[in-house]
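K.L.:
One structure coming up, written as structure tokens, with questions to follow.
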Amino acid sequence: QAWAELSDRITEGQSEKAAKVIKLNRFIKLAVAATVILLLTVYLLLPSTTTFTTLPGEQLTYTLPNGTKVTLNAASSISFSASQWDTERKVDLTGEAYFDVTSGKPFTVATRAGNIEVLGTRFNAYHRSGTLRVSCFEGKVSVLSKSNNTVLHKGQMSEIKNNVLEDPRKFNVEKAAAWRTGEFYYENTPLTEVVYELERQFNVEIKINLNSKRYYTGYFSNKDLDEALKLVLLPMSLKYEKAGSTIEVK
């Protein structure tokens, strides 16, 4: 009789334990389902980002959702929120790009050095090493630094360097964005900037002891590496040797 009573209690205990396990399993499943729904909701509500990038030696043209055409220079990128485009037409830029903006709602190009605001215009934006250089080819462009702003008209350019916004000045419209056809013109430009552009256009590494006080005025094309090196280095009384994709300047 005692054994029978003990056996009944064991059976009842096992039944209660099984019921608790079933309830716990149901709770876990509900919790997992709720978590998945929450994560999906957050994912769908977050703005999706579209990024276009060019490799060294590559130049490509993209069309944004509003019809604006953007031509990216080598080793450059733009990104924007496709899901929020109708309410905020904003593009983040790293590198250099030429914008042919479709008129309509305000259009903003954002960089770490400063922003550019336009309605409908054509302009070139160069943003590298903390410097933002903007050249207006058509219409008007607003350039905004952290503490100041200026308006550029056709044929004017400005630059933000070390958080300082320069006054507008004229530029050569025919040469300023000639990089789109593979031609690069410089006027009293730091040699460092020219060398870095050579590296980007030809996807090479140039080993050189750069003197920041040296400036270059001239031209090169991205069609022929040897010709470009001669045009840039020989006037500086510099010689070079090639070893694969590495160029040592002496």
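The values are calculated or read from the model by the stated rules, or taken from the named source; none is laboratory data. Source: prediction; values computed, not measured. Every residue, glycine among them, receives a Cβ derived from its backbone with ideal geometry; neighbour counts consider all protein chains shown. Side chains included, ligands, DNA and RNA excluded: accessible areas come from the protein's heavy atoms. Shrake-Rupley method; radii C 1.70, N 1.55, O 1.52, S 1.80 Å.
K.L.:
Return the residues of segment 65-96 that are within 19 Å of Ala178 (Cα to Cα) and in a loop (DSSP other than H, G, I, E, B); say none if nothing qualifies.
P.N.:
Selection gives Asn73, Ala74, Ala75, Ser76.
K.L.:
Does Tyr62 qualify as being part of a strand (DSSP E or B), open to solvent by less than 60 Å² (accessible area, probe 1.4 Å) and more than 22 Å from Lys175 (Cβ to Cβ)?
P.N.:
yes
K.L.:
What are the residues in segment 68-103 that are surrounded by fewer than 19 Cβ atoms within 10 Å (Cβ to Cβ) and in contact (Cβ under 8 Å) with a residue 24 or more places away in the chain, if any?
P.N.:
Listed by number, the residues that qualify are Lys69, Ser77, Ser79, Ser81, Ala82, Ser83, Gln84, Thr94, Asp100, Thr102.
K.L.:
So which residues in segment 149-169 are open to solvent by 80 Å² or more (accessible area, probe 1.4 Å) and of a type outside the set (Val, Ile, Thr)?
P.N.:
Passing the criteria: Asn149, His153, Lys154, Lys161, Asn162, Asn163, Asp167, Arg169.
K.L.:
Restricting attention to segment 197-206, does a residue exist that is on the phi < 0 side of the Ramachandran plot, surrounded by 14 or more Cβ atoms within 10 Å (Cβ to Cβ) and modelled with pLDDT under 95?
P.N.:
No, segment 197-206 contains no residue that is on the phi < 0 side of the Ramachandran plot, surrounded by 14 or more Cβ atoms within 10 Å (Cβ to Cβ) and modelled with pLDDT under 95.
Residue-wise test of (1) in contact (Cβ under 8 Å) with a residue 40 or more places away in the chain; (2) in contact with a Ser or Thr (Cβ under 8 Å, 6 or more places away or on another chain).
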| position | (1), (2) |
| --- | --- |
| Asn124 | yes, yes |
| Phe137 | yes, yes |
| Val141 | no, yes |
| Asn148 | no, no |
| Val164 | no, yes |
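K.L.:
Look through Leu238, Leu233, Leu191 and report the one residue that is out of contact with any helix residue (DSSP H, G or I) (no Cβ under 6 Å at 6 or more places or on another chain), open to solvent by less than 20 Å² (accessible area, probe 1.4 Å) and without any contact (Cβ under 8 Å) to a residue 40 or more places away in the chain.
P.N.:
Being out of contact with any helix residue (DSSP H, G or I) (no Cβ under 6 Å at 6 or more places or on another chain), open to solvent by less than 20 Å² (accessible area, probe 1.4 Å) and without any contact (Cβ under 8 Å) to a residue 40 or more places away in the chain holds for just one of Leu238, Leu233, Leu191, which is Leu233.
K.L.:
I need a count of the residues in segment 213-250 that are of a type in the set (Phe, Trp, Tyr) and more than 30 Å from the chain's Cα centre (by Cα).
P.N.:
Residues in segment 213-250 being of a type in the set (Phe, Trp, Tyr) and more than 30 Å from the chain's Cα centre (by Cα): 1 in total.
K.L.:
Considering each residue of segment 207-229, count those that are open to solvent by less than 90 Å² (accessible area, probe 1.4 Å), farther than 18 Å from Glu58 by Cβ and either assigned to a strand (DSSP E or B) or β-branched (Val, Ile, Thr) (or both), and give that number.
P.N.:
4
Results for (1) farther than 30 Å from Glu58 by Cβ; (2) modelled with pLDDT under 95; (3) not in a helix (DSSP H, G or I), shown as yes or no for each residue.
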residue	(1), (2), (3)
Ser135	no, no, yes
Val143	no, no, yes
Ser147	yes, yes, yes
Val151	yes, no, yes
Met157	no, no, yes
Ile160	no, no, yes
Arg180	no, no, no
Tyr185	no, no, yes
